[in-house]
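Only the coordinates and a few stated rules stand behind these numbers; no lab work does. In this text the structure is predicted, and so the values were computed from the model without any measurement. Cβ placement follows ideal geometry from the backbone for every residue including glycine, while neighbour counts extend to all protein chains displayed.
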């Protein structure tokens, strides 16, 4: 009897092929559910760019992070073209030059938010301060101390309430002589936009540093909080403390960020009081705001600096939707109660920390 072995060999080949496929599927399952998935989640992608007159460092983790960061860079360039006060043809430039302009939705929304915060802070944030900032040289680098009469004349055109918005056409109108600048809110808004982009791309872990404005998405890949340093305003090489945060913004305004020393030997910084057009001097040297929305934290870090300690504390007690760290010229750290369990002070600051509730 002759036995036909061809089918046996064919079946063996099919069996081997089936076994190989099965092993491959098992490997994929193990990779997807274990080590491989963890490695993918911890894969870091970075974008470093110069935009909005500062350096941006964007870091995101996971398989969709690279594509998300590419979209983020494109969006930053788009927003910069809209919001720059000096770029000819930008939305802000057209408003300042023409007194009336139809603008992009981003510009319209951001101006509206800035005006609302201006109202809440009783003008401590005022986006019409641009002519005064320019007179001091903070927008050009040609620093000078304006005469009192010059400041008085410029201040007649400083009033955020003079900015009119028309929702249907996205038009912005200002009286002659009034000019706006969104520098106090643009980076915070940009950070919010970028976080939304990353979320939409499925990214769950990211940290963005937009020239000192830090915004976080989720936790670190290992599940631990992000650690964000709060700079020592008296020695920028040191830190006053470290915050641990998840899904939060940490934004600081300080007199040490942009300043010059006048011929009189005095230091003049770029955070100006809209009431008198002078650098805001009220005992504070640094204000850090911690909250969920970047644009609000950005705006409030400036406004609270202008307000000073007592008004800032009163405002926080009234609003209650953010936390803050105030550093005084006497070296005192004043923190809101919500930061008690997530702030670690530097060794030289431990005895100067005061909590308010």
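Quick look at the numbers
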| read-out | value |
| --- | --- |
| Rg(Cα)/(2.2 N^0.38 Å) for segment 63-174, N = residue count | 1.25 |
| Estimated distance in nm for a label pair at residue 100 and residue 149, the labels positioned 7 Å out from Cα along Cα-to-Cβ | 3.5 |
| Range of Cα positions in the chain per principal axis (Å), largest first | 120, 54, 38 |
| Cα principal axis extents for segment 141-185, largest first, Å | 42, 22, 14 |
| FRET efficiency, residue 204 to residue 275 (Cβ-Cβ, R0 45 Å, nearest 0.05) | 0.50 |
| Highest-MSF residue in the chain out of 279, 175, 131 [GNM, Cα springs under 10 Å] | 175 |
| Considering only segment 225-357, percent of DSSP beta bridges that pair antiparallel, nearest 5 | 90 |
| Convex hull projection area averaged over all views, segment 200-241, Cα basis, nm² | 3.8 |
| Cα→Cβ-extended label distance, 7 Å offset, between residue 344 and residue 59, nm | 1.6 |
| Per residue convex hull volume, Cα atoms of segment 180-294, in Å³ | 123 |
| Pair-distance profile P(r), taking every C-alpha pair of segment 225-357, with 10 angstrom steps and integer % | 12, 46, 33, 8, 1 |
| Segment 147-202 versus segment 320-335: alpha-carbon centroid distance in Å | 26 |
| Cα→Cβ-extended label distance, 7 Å offset, between residue 109 and residue 142, nm | 3.7 |
| Antiparallel content of DSSP bridges confined to the chain, in %, to 5 | 95 |
| Packing-based ranking, highest mean first, of 134-144, 179-189 given that Cβ atoms within 10 Å are counted | 179-189, 134-144 |
| Gain on full stretching of the segment that runs from residue 258 to residue 354 - 0.36 nm per residue minus C-alpha separation | 31.8 nm |
